[in-house]
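Read through the structure below, which is laid out as structure tokens, and then see the notes.
Read-outs throughout are calculated quantities, based only on the coordinates presented, and are distinct from any laboratory measurement. Not measured: the values here are computed from a predicted model. Cβ coordinates were reconstructed from backbone atoms using ideal geometry, including for glycine residues, and neighbour counts include every protein chain displayed.
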Amino acid sequence: MAALMLRWSCLGKRWVLACIDGGSRHGRGAAIGLTSRRKRGQSSVAQQPLIAVQKSRKGEHEWAAVVGLEIHAQISSNSKLFSGSQVHFAAPPNSLVSFFDASLPGTLPVLNRRCVEAAVMTGLALNCRINKKSLFDRKHYFYADLPAGYQITQQRLPIAVNGSLAYSVSVGKKPSQVSTRTVRIKQIQLEQDSGKSLHDEPRSQTLIDLNRAGVGLLEVVLEPDMSCGEEAASAVRELQLILQALGTSQANMAEGQLRVDANISVHHPGEPLGVRTEVKNLNSARFLAKAIDFEIKRQIHELENGRKILNETRSFDDKLGCTMPMRDKEGKQDYRFMPEPNLPPLLLYDTASLPPGADPQQVINIDWIRERLPELPGKTREKLIQQYGMLPEHSFTLLNEVGLLEFFQNVIKETRAEPKKVTSWVLNIFLGFLKQQNLAVNESPVTPSALAELLNLLDRKAISSSAARQVFEELWQSKGKTPSQIVSEKKLELMQDQEALERVCHTVMEGHPQVGVEGRRKAMHFSAC
Amino acid sequence: MWARAVKLGLRSWVGWRRGFTSKVDPQRSGRVTAEVIEHMERLALVDFGSQEAVARLEKAIAFADRLRAVDTDGVEPMESVLEDRCLYLRSDNVVEGNCAEELLQNAHRVVEEYFVAPPGNISLPKQDEQEPFSHI
């Protein structure tokens, strides 16, 4: 088996086990049988190419994977959801904790207006129906970082339901082969975050920091419309961009502002859904896709070997690249949901239903918020395509890379060069250099002004294309020098003087009398350019 | 005292779960089985120390069950006794916090301004390992 590699192809909703012979370069020979069958039942959307099928498998086992996501996004606000303590990432332990957050008796929750607005904005941006009345509930479970023993959430009637999120996945090897998919949003709810536990295994204790306890979270529940890690990662990325555009969350996965739990199951198409497992502890986009794909593979492997899938919670170990069962969960949790007795229903209004003479601070008008929604990533991409004539996949790349859009727009502002030229330079050369050295846009040694100046030189034909690249490389290495300086230092200017050029050509031709008429003609043509 | 608190808490819990699978079979005499007791003790960490407590629980459930006699067709269920009140919206300003020292005074053990907890949840021992309660 060592020579064989298992390769999974994600064809929309179908998972097909395909093997290629790692040792041979001509592994595609065995693909014929399966490929022709694939073509018969195929939809018109371009799919990932299949490789081959291992002959020893009995029949073909087509598996479909079903992936649902629960995404928790920390709301970007000054204070917490139900108390007036500060929301801040790095602070001395337990310094941003109020009496309510520490769950001291006699404290009561007081709802933060900004968090409600953030929830409404997010719901509107995701095409949800905003519930004019929503309710708060208590979800009970014991854990040291949940001092109250319950979390205030919105289980019965959340603030927004039935939305959709459109995202894009690549469906072929070429960057232009992208397909738009949609995932339905079941609901968006407001809930409290728990504190942080730092596990100190050697001393057999856990250190609890409640700075994060009580911070407002938006839980976005995505229906199981996705079928592989890549789709899930793309959906999450798009949600991140939307939240960042709205300003409702900074959605930085590394800082824990965006956390994703995945619910994964596999089944044969046409049969009922399989048992699902929940994978938690996914705190980076990269690991998200890896973990989901691993879990799908694991489930298929277990089922094909006659074993059953347990409805359990697993975590992803990024070093080993696999999911492991989590220790603390014993069987199915009973959260004993009950209505939060200290909070009346949350009522939202629109312009038609706004009570006259109401205190504006105490009412939230959905229409008012809708009118002031910032531009969403989808719209920004559309505008880029229309305004600059760029290809859709370019607009995706510009938005996906943090800071790249701003960089691009700054270059456009300062240069006379054509937008297509700018796009090409930013996406190919500039981004290429960044990726090579693993730098973020804000760490780039080349400023937008510098690139703009360089493109201006290129535009008025002061330098050639290849010279421009040389200058760019120089700019990358040496800080502080402008493109014009580098050009004059390295004498990269194109010669503009026609007479001087002719003299050079004549000298060359005289030095090589054996060169025929053709050569002379070419030389003169060159000098005339 | 705690028994009354438990009763009140349980009544709201039982009332809430009325519409869903009830662990107490109304057909039977309203007995609460040992299995249910164990489950609730584990979930809520209440201690049904004696058979008398269980009996009191059964009476409380029977009392709440009398609500079923009321015809509630077409009546919207009440969310809470506060449902007609206005939910106050606080503006997003920082007005609390910065009292780590005070909070940590409550802690049994503290390590460098962190609360200290055991490494994981300590499960309630299984029923056969527990002290059997005195049967009255």
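Show which aspartates and glutamates lie in cross-link reach of B:LYS59 when reach means a straight Cα distance below 16 angstrom and same-chain residues fewer than eight apart are skipped. By straight Cα distance, B:LYS59 reaches B:ASP25. Along the axis of the charge dipole computed for the range B:26-70 (Cβ charges of +1 for Lys and Arg, -1 for Asp and Glu, origin at the Cα centre), the listed residues B:ALA64, B:ALA44, B:THR33 are led at the positive end by B:ALA64.
Shape descriptor for the range A:377-490: Rg over Rh equals 0.96 (Cα atoms; Rh from the Kirkwood inverse mean 1/r).
In what order do A:THR313, B:THR72 fall by count of nearby beta-carbon atoms within 10 Å, going from fewest to most? Walk me through the intermediate numbers first.
Values: A:THR313 18, B:THR72 9.
Listing A:THR313, B:THR72 from fewest to most nearby Cβ atoms yields B:THR72, A:THR313.
Note on A:92-101: average number of Cβ atoms from other chains within 10 Å of each residue's Cβ is 6. Straight-line reach from A:LYS133: taking Cα to Cα under 13 Å and skipping same-chain neighbours fewer than 8 places apart, the aspartates and glutamates in range are A:ASP350, B:GLU79, B:GLU83, B:ASP84. By other beta-carbon atoms within 10 Å, ranking B:GLU96, A:GLU302 with the fewest at the front produces A:GLU302, B:GLU96. Charge tally for A:ASP193 (other residues, Cβ to Cβ under 11 Å; Lys, Arg +1; Asp, Glu -1): 0. Separation of the alpha carbons by more than 23 angstrom is noted, of A:LYS174/A:LYS435; A:LYS173/A:LYS290; A:LYS383/A:LYS461, for A:LYS383/A:LYS461. Ranked for footprinting exposure by Cβ neighbours inside 10 Å, fewest first, A:LYS319, A:LYS479, A:LYS139 give A:LYS319, A:LYS479, A:LYS139. Across the range A:64-339 the C-alpha pair distances fall into 10 Å bins from zero in the proportions 7, 27, 35, 24, 7, 1, 0 percent. Overall size of the range A:148-201 from C-alpha positions, given as principal axis extents largest first: 52, 39, 10 Å.
Here the Karplus curve 6.51 cos²θ - 1.76 cosθ + 1.60, taken at θ = phi - 60°, turns the phi angles of the range A:354-370 into couplings of 4, x, x, x, 6, 5, x, 6, 9, 10, 10, 9, 4, 4, 4, 5, 4 Hz, with x standing for Gly and Pro. Here the calculated FRET efficiency for B:LYS59 and A:GLU302, from their Cβ-Cβ distance with R0 = 45 Å, stands at 0.40, rounded to the nearest 0.05.
Here the mean projected area of the convex hull built on the C-alpha positions of the range A:98-155 is 5.1 nm². For the cross-link pairs A:LYS280/B:LYS126; A:LYS80/B:LYS126; A:LYS421/A:LYS481; A:LYS413/A:LYS481, the ones whose C-alpha atoms lie over 30 Å apart are A:LYS80/B:LYS126.
Between A:VAL275 and A:ASN428, the modelled labels are 5.4 nm apart [label points 7 Å from Cα along Cα→Cβ]. Taking all Cα-Cα distances within the range A:61-116, those exceeding 14 Å account for 65%. Applied to the range B:117-125, the Karplus parametrisation 6.51 cos²θ - 1.76 cosθ + 1.60 on θ = phi - 60° returns per-residue 3J(HN,Hα) values of 10, x, x, x, 5, 9, 5, 5, x Hz, with x for Gly and Pro.
Please give the contour-minus-distance gain from B:SER50 to B:GLN105: 0.36 nm per residue of separation, less the Cα-Cα distance, rounded to one decimal in nm.
16.3 nm is the gain from fully extending B:SER50 to B:GLN105.
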